[in-house]
Amino acid sequence: MAKKAPKRRFIHPNRTFFGRLRAYFFAGILITAPIGISLWIAWGIINFFDNNVVSLLPHKYNPESYLPVQIPGLGLVLTILTLTVIGWLAAGLMGRWVVRMTENLMARMPVISNIYGAIKQIMETVLSQKSNSFRYVVLFEYPRKGIWTMGFVTGTTKGEVQNVIDVEMINVFVPTTPNPTSGFLLFVPKSDLHYLSMSPEEGFKMLVSTGIVTPADQRIPKKIKQPTIIAGSNKNNE
């Protein structure tokens, strides 16, 4: 009669009782922390819109005035609907006229005009479907030779910065870890950049986790076994 294979143990069997408790505790954190933090952030976003948007509705138009309980997510739904309607109205002839009048008014206001212009340009660049901002993850040597840094391409360098340099430059944003909302803008020669196959989402996960979460190499096995960067050289094998 064949012997049954022993069950696999995820906790080392030779550990002490307290050692096993400690291992089980950290295993529980590993499982519940990502779920709990994700739900906490999502709930915080929903509460933010509920507290700041629903309160703007007149009492007689507020559905919660006629219900014994609050409706979670009502503020977020109203915000999405409002932005959609504004976009639909702005696409029409009357809407475009209103937008032009508003832009002219904002452009004439001191201080506000500079802030409005900068925000508008950033939003148009980031949200443009043809924009290449943050679509490519690159690797390059920084802050010195032999040390590699991962960054995100935000566009091709233009204007005076490009005109004073005799090689093609690329704008690269290098976020700080683990807070990617701050970082450095670098102008890097295109020939010094090595484009990675990982997606921007995978790159941000790696940065936020300080390298703990490393995305798998999605290239074909033949390319995985062949390094594309020669150490100490700017040459690329591809």
### Query
Using r as the Cβ-Cβ distance of Tyr195 and Ala216, and R0 as 22 Å, what FRET efficiency do you calculate, to the nearest 0.05?
0.80
### Task
Subtract the Cα-Cα distance of Val98 and Lys60 from 0.36 nm times their separation in residues, and report this length gain in nm to one decimal.
10.8 nm
### Task
Take every Cα-Cα pair in segment 36-102 and report what % of them are more than 18 Å apart.
52 percent
### Summary
Between the alpha carbon centres of segment 28-78 and segment 152-200 the gap in Å comes to 38 Å
### Task
Could you calculate the contour length gain from Val111 to Leu89, that is, 0.36 nm times the residue separation minus the distance between their Cα atoms, to one decimal place in nm?
5.1 nm
### Summary
With a 27 Å threshold on alpha-carbon distance, the violating pairs from Lys190/Lys225; Lys120/Lys145; Lys120/Lys158; Lys145/Lys205 are Lys120/Lys145
### Task
Go ahead and set up a Gaussian network model of the chain, Cα springs under 10 Å, then flag whichever of Ile86, Ile147, Ile29 fluctuates most.
Ile29
### Task
Counting helices only, and only those DSSP H runs with n ≥ 4, report the 222 nm mean residue ellipticity of the chain as the sum of -39,500 (n - 2.57) divided by its residues, in deg cm²/dmol to the nearest 500.
-14000 deg cm²/dmol
### Message
As an exercise, take the mean of 1/r over every pair of distinct alpha carbons in the chain, invert it, and state the Kirkwood radius in angstroms.
### Response
23.9 Å
### Summary
Ranked on Cβ counts within 10 Å of their own Cβ, fewest leading, Glu64, Glu160 go Glu160, Glu64
### Message
Considering the Cα positions of segment 137-224, please state its Rg to one decimal place and its Dmax as a whole number of Å.
### Response
14.0, 43
### Summary
Under a Gaussian network model of the chain whose springs join Cα atoms within less than 10 Å, the largest fluctuation of Val69, Val138, Val188 belongs to Val69
### Task
With a length cut of 20 Å (Cα positions projected on each helix's long axis) and a Kyte-Doolittle mean of at least 1.6, go through the chain and give me the DSSP H helices that pass.
74-90
### Task
With springs only between Cα atoms under 10 Å apart, run a GNM on the chain and tell me which of Gln226, Gln121, Gln162 wobbles the most.
Gln226
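Where a number appears in this text, it was derived from the coordinates with a stated rule and is not lab data. Nothing here was measured: the structure is a model prediction, and the numbers come from that model. All Cβ positions, even for glycine, are placed from backbone atoms using ideal geometry, and neighbour counts span all protein chains on display.
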